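FYI, it's all coordinate maths here, none of it is from the lab. Bear in mind that the values here come from a model prediction, so they are computed numbers and not experimental data. Glycine gets a Cβ as well: all are built from the backbone with ideal geometry, and neighbour counts include every protein chain shown.
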Amino acid sequence: MSEHADKIKKLAREISIVENNASGAERLLDAAWKKGNHAFRIGVTGPPGGGKSTLVNCLAAAYSDAGKKTAVISVDPSSPFTGGAILGDRIRMNELSARENVYIRSMATRGSLGGLSMKTHDVCDILDGHGFDIILIETVGVGQIELDIAQAADVTLTVLVPDSGDDIQAMKAGIMEISDIFVVNKSDRHGVEAMVLNLRSLIGLRRTYSTLPWEQPVIKTIATEAKGIDLVLASLEDYKAMLIKHNNWDNIRNERLKNKVIQLVDGAVSEAFWTREKRDILRDALFSETNKRQSPFKIAEILLHSLRNA
């Protein structure tokens, strides 16, 4: 087996350990944090059918051609039968995955309501620790506010298509709040100019709360023909340069670290709190005739009182 194949096998094994929270996961993540925090993490989201996979394939190929070590994480709906990821049109990435500087991993959402498994954050850290320059994260595109993608990525790219009502959906779903770059794909379709105008008219709203000197670009592409990909790449590089110039590159990583610490502490405290005694108290409060009309606030007060008196 070649040295490259050995490295890929080792990487895949580490990701599986982290995904399954198996023995050694914490050690791997700790080592990755010490070596990583350099990769540019690009989130790609948007409604289904917009051509996200094709666009991600084009971006990965371009970064690979430029000599960048590139990883793609495709987050898919969990299979109701196996719990694994539904690969679907990932097959088209087979040719790309044959390149030595490209790694592709498909992950299941594992029931995450935002469409992005919390383990995706950890997988990004492992990839970062293995020296990847670019990490592309493609989400399910469930059509709701995917704040988790904004937390996992340095930049969020939203893919929409004309003549499908996606511009209205963007306004309703609050996509304006999480998107740094808009891509109107399949721009050879009817209604593309109207969508572009509508999006640009909404971009002014971003200025009311954004502290960064960035106006979201709206880029027209035809991903199946690789048209407009150069403009997307240029905008991504401009955004990264802006983050570095205004010291937000480190701020994003510090915020990501803080959120992870809070998540770990909350999980540990919750696990320690819910002893058998606490579960018995909760059960009695729910099913006892004398407690039937108690509010959740009163039940929580009883539980917390028992903690204070422990």
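Extension gain, Asn254 to Phe297: 0.36 nm times the residue separation minus the Cα-Cα distance gives 12.1 nm.
Proximity of backbone amide H atoms, modeled 1.01 Å from N, is registered between Ile137 and Ile42, Gly43, Val44, Ile73 at under 5 Å, excluding neighbours fewer than 5 places apart on the same chain. So if R0 is 35 Å, what FRET efficiency would Glu26 and Arg279 give, r being the distance between their Cβ atoms, rounded to the nearest 0.05? For R0 = 35 Å, the calculated efficiency reads 0.85.
FRET efficiency for the Ser201 to Glu237 pair, using the beta carbon distance and R₀ = 22 Å, is estimated at 0.25. Treating r as the C-beta distance of Arg13 and Asn94 and R0 as 25 Å, the FRET efficiency rounds to 0.75.
Across segment 60-66, coupling constants 3J(HN,Hα) worked out from phi with the 6.51/-1.76/1.60 Karplus curve, θ = phi - 60°, read 4, 5, 5, 5, 4, 4, 7 Hz, and Gly and Pro carry x. Under a 5 Å amide H to amide H cut-off, with H placed in plane at 1.01 Å, what residues pair with Lys227 once short-range neighbours are removed? Close amide H contacts, sequence-distant or interchain: Ile222. Between Ser106 and Ser74, the built amide H atoms are under 5 Å apart, and every one of these is 5 or more places off in sequence or on another chain. Think of segment 11-64 as having a plus end and a minus end, set by charges on the Cβ of Lys, Arg, Asp and Glu; of Val44, Ala25, Ala61, Ala61 sits farthest toward the positive end of this dipole. Remark on segment 212-287: Rg and Dmax equal 23.4, 63 Å (Cα only).
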